[in-house]
Every structure is written in C-alpha cells, then in structure tokens.
Amino acid sequence: MYLLRLALTSLNNRRFTALLTVFAIALSVCLLLAVERIRTETRASFASTISGSDLIVGARSGSVNLLLYSVFRIGNATNNIRWDSFEHFAAHPRVKWAIPLSLGDSHRGYRVLGTSAAYFERYQYGRNQALQLAQGKPFNDLFEVVLGAEVADALHYKVGQQIVLAHGVSTVSLVKHDDKPFTVVGILARTGTPVDRTLHISLAGMEALHVDWQNGMPARGAAKLSAEQARALDLQPRAITAMLLGLNSKIATFSLQREINEFRGEPLLAILPGVALQELWSLMGTAEKALFVVSLFVVLTGLIGMLTAILTSLNERRREMAILRSVGARPWHIGSLLVLEAFSLAAAGVGLGLALLYIGIAASRGWLRTQYGLDLPLAAPNLYEWQLLGAILAAALLMGVIPALRAYRQSLSDGLSIRL
C-alpha cells in the first residue's frame with residue numbers, strides 16, 4: 001500500500017505530464033468502446049432493417065442483389081414479376097399477407113416505390129416496429145405521395161406541396177413526368193432505414209405515370225394523356241419488381257420458399273431476409289474488422305505515449321531513486337514503483353474513458369436514434385468490453401515492466417553519486 005501511495009505522490013509531482021497521459025489513454029479507450037458499441041448496434045440495426053417479413057420474392061437473380069434493390073433501394077432488378085404471379089402467391093393458403101413493390105422512378109436522386117396500403121399496415125423494421133406517420137395520412141388518391149423522413153427534411157417538403165417525379169434513378173433526369181404532378185399527403189416518422197429515403201405512391205399511380213409510354217420511353221407521335229384522362233383508364237399493374245410475404249406459420253417458410261423457387265409460371269427467387277442480411281453483412285466484415293483494428297492501434301498509441309513519458313522522466317528521477325535506496329528501498333521496490341505508476345495512469349485513463357463514453361452516449365443518443373436508427377444503450381460494459389479493458393490494463397502492466405527493469409538496473413549501480 002505504501003508503494004501505491006508513493007507512486008501516486010510521484011505522479012502528483014508530475015501532474016501536468018500525468019494528466020496529459022491519462023487524457024490520451026482516456027480518449028483511446030473511449031474511441032475503442034464507442035466503435036465497439038456502434039459496431040454491435042449497427043449490426044443489430046442492419047439485421048433488423050426489415051422484420052416481420054418471412055420471404056422476399058423477386059425475379060431469379062442473386063439473394064444479395066434481390067435484397068439490395070427490394071429493401072435498400074440499391075441497384076435494379078434483373079427482371080419484373082408478372083402481376084398474376086403476385087396474385088397467385090398472395091392468395092396462397094399459407095400466406096397471411098403480401099406487399100407488392102414496384103421500383104423504377106425517382107425524384108432528385110431518391111427512389112420512388114409503388115406499393116399498396118398493406119405496406120403501411122404490415123411493413124416492420126427494427127424490433128418489430130411498425131411504420132408511423134409523423135404528418136398527414138397514407139396515400140388514397142391516384143396522384144398522392146407519402147415521403148420518407150429524410151426526403152422531406154433534405155428537400156424541405158411539406159404536406160400539401162406538389163412535386164414532379166422523374167423517370168429513371170439518376171440524380172438529374174432529363175425525362176420528367178411533369179404532366180402528372182403528385183401531392184404530398186403524408187410524411188413518415190424517421191426509422192433510420194432506407195424507408196426514410198423513399199417516396200411512396202400507389203401501384204395505380206405508378207401505372208398512370210407510364211400509361212402513355214412504350215418500351216420504357218414516351219410513345220412517339222402519340223399525344224400525352226393528362227392526369228384526368230389517366231384516371232379513366234384501367235390502371236391494373238401488369239408487373240411489379242418484388243413482393244414481401246408474411247406467412248400464417250413460420251414452419252411453412254422453407255416449404256413455400258422451395259415452392260416459389262420451383263414455380264413453373266416464371267423464374268422466381270424467394271429468400272429469407274435474415275439469411276440474406278447476414279450474407280450481405282459478411283461481405284462488409286472486412287471494413288468492420290479494419291475499423292476495430294484501427295481503434296486498437298489508437299489504444300496502443302496511447303499506451304506507448306505513457307511508456308515514453310515514464311522513460312523520459314527516468315533520467316530526471318535517478319537522484320530520487322538513489323535517495324529511496326539510501327533509506328532502505330530495495331531494487332524491486334523501485335521497479336514495483338514504476339509498474340504501479342504505469343498501472344495507475346492506465347486505470348485512471350480507463351475510468352476517464354468510460355466516463356467520456358457515457359457522457360457522449362447520453363448527449364448523442366437521441367440524435368443517433370432519429371438520424372441513423374441506432375439506439376446505443378446506457379448500460380454497464382458487457383463481458384467482452386470488460387475483457388477489452390482488462391487487456392488494456394494488462395498491456396499497461398507489461399509496458400510498465402520496461403522502465404521498471406531499467407530503473408532496477410540503475411538503482412543497483414547509482415548509489416548516491418549520480419553522473420548526469
């Protein structure tokens with residue numbers, strides 16, 4: 001105990017250097033734990049981008065590609081699904097509900113999704129959280145649109161405002177549906193998922209936009225149909241991009257998946273969202289590990305800074321060590337003193353790092369939840385985090401051995417006569 005008091009007193013005499021070292025270690029510990037918590041929560045949030053849907057069905061391609069364009073609105077489908085195929089499986093006795101998804105248009109770089117009222121009733125994200133409207137109501141008319149939260153915030157749109165959709169998915173489009181404007185009737189609450197970056201219209205509205213088009217282009221030589229003329233037409237969709245299925249029983253998932261994959265009406269692919277999400281996350285695992293390794297190197301840098309500070313002070317403290325030897329301190333006492341100094345600096349850095357972590361989480365928790373859908377818990381460190389902190393303290397002890405050995409050897413030869 002007296003050695004610990006002596007170590008703390010010695011650090012107090014060099015308080016400015018000690019505080020800088022503690023702060024450097026604290027910042028590195030805070031960064032490491034913050035990265036670990038964000039990494040863990042991001043994985044959980046990523047895995048729950050879509051929940052409650054048992055199967056995602058699209059044209060036959062790859063599972064990751066189907067997941068990307070149907071859930072994340074990235075890329076395009078290799079082909080569409082015929083409407084009668086959707087009706088066939090929507091009426092399947094094992095299917096409880098079905099949500100059609102139709103992609104293809106955009107608005108200032110944001111994707112437009114054609115769907116049905118079931119989307120607002122059945123689509124879930126996170127831990128089985130349903131979509132909520134922050135303002136307005138779901139679409140009910142042919143030319144009504146419901147905006148995701150990010151679209152509304154970024155473009156400063158309000159309920160009642162009219163907007164024009166564009167053909168294609170580029171940020172700047174030369175082909176716009178300016179003859180058929182849509183009215184904003186609702187804005188969804190923020191979810192932290194791709195829903196926030198999507199404009200939602202009805203399937204009939206999607207058909208109305210292209211009713212006077214042929215082969216993906218405006219029909220040449222034909223007069224454009226106005227919005228009122230489009231209302232009088234049969235706007236039953238002929239094809240959609242994908243569909244989400246909820247089943248009556250989870251037990252039937254694999255058998256229905258096999259039935260869809262072997263469907264003879266057209267080549268289809270059914271995937272389990274959770275499995276596809278894990279497959280996609282594994283592709284991003286390298287970046288995740290790289291971020292963690294960078295954080296470890298930051299901690300190592302802080303510990304090396306501590307070692308440098310202790311070693312630098314050794315020459316200045318050789319007379320101090322010699323005096324301690326003269327009053328009865330043994331060489332191992334001198335070595336233990338420096339090991340305790342290193343451990344005390346690391347322990348103080350870990351404690352301050354934890355405090356900075358919780359202050360940061362408390363200050364940014366609401367913002368992270370609304371902007372990115374991340375819910376960082378204000379919970380005690382879990383077992384893995386305690387293991388990381390223990391490893392940091394163990395590394396500090398090992399690094400403390402280096403100046404301790406040097407001081408041990410010097411104290412044996414210096415005596416009271418110091419040659420500076």
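Can you sort His177, His88 so the residue with the fewest Cβ neighbours within 10 Å comes first? Write out the running numbers ahead of the final one.
Values: His177 22, His88 14.
Result, fewest neighbours first: His88, His177.
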>> Within region 33-67, name every residue whose backbone N is under 18 Å away from a label modeled 7 Å from Cα of Ala130 along the Cβ vector.
In response: 50-54
> Can you list the aspartates and glutamates whose alpha carbon sits under 20 Å from that of Lys96, skipping same-chain ones fewer than 8 residues off?
Replying inline: Asp54, Asp84, Glu87, Glu121, Glu259
> Whole-Hz Karplus ³J(HN,Hα) for region 15-22, in order, using 6.51 cos²θ - 1.76 cosθ + 1.60 and θ = phi - 60°, x for Gly and Pro?
Replying inline: 4, 5, 5, 5, 5, 4, 5, 4
> Dividing the Cα radius of gyration by the Kirkwood radius, what Rg/Rh value follows for region 17-171?
Replying inline: 1.10
>> I need Arg190, Arg231, Arg82 ordered by Cβ neighbour count within 10 Å, fewest first.
In response: Arg231, Arg82, Arg190
>> For Lys137, give me every one of the lysines with a C-alpha distance below 17 angstrom, ignoring sequence neighbours fewer than eight places off in its own chain.
In response: Lys158
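For region 55-271, what is the convex hull volume of its Cα atoms per residue in Å³? Could the numbers behind the result be given before it?
Details: hull volume 26.8 nm³, N = 217.
Looking at region 55-271, the number lands at 124 Å³ per residue.
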> Quick one: Karplus J couplings for region 145-152, per residue in order, coefficients 6.51, -1.76, 1.60, θ = phi - 60°, nearest Hz, x for Gly and Pro?
Replying inline: 9, 10, 9, x, 4, 5, 4, 5
>> So if I take the centroid of the Cα atoms in region 86-147 and the same for region 230-270, what is the distance between those two points in Å?
In response: 15 Å
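Please find the FRET efficiency linking Gln162 to Ser51, where r is the Cβ-Cβ separation and R0 is fixed at 51 Å, and quote it to the nearest 0.05.
Details: r = 34 Å, r/R0 = 0.67.
The value I calculate is 0.90.
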>> Could you check the spin-label model distance between Trp367 and Ala379? Points 7 Å from the Cα along Cα→Cβ, value in nm.
In response: 2.4 nm
> Taking other Cβ within 10 Å of each residue's Cβ, how do Val211, Val293 sort, fewest first?
Replying inline: Val293, Val211
> Between Asp179 and Glu288, what FRET efficiency comes out of the Förster formula 1/(1 + (r/R0)^6) with R0 = 41 Å and r the beta carbon distance, rounded to 0.05?
Replying inline: 0.30
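None of the figures in this text is laboratory data; all of them are computed from the coordinates on show. Values in this document were obtained by computation on a predicted structure and should not be read as measured data. No Cβ is skipped: glycine too gets one built from the backbone with ideal geometry, and neighbour counts run over all protein chains shown.
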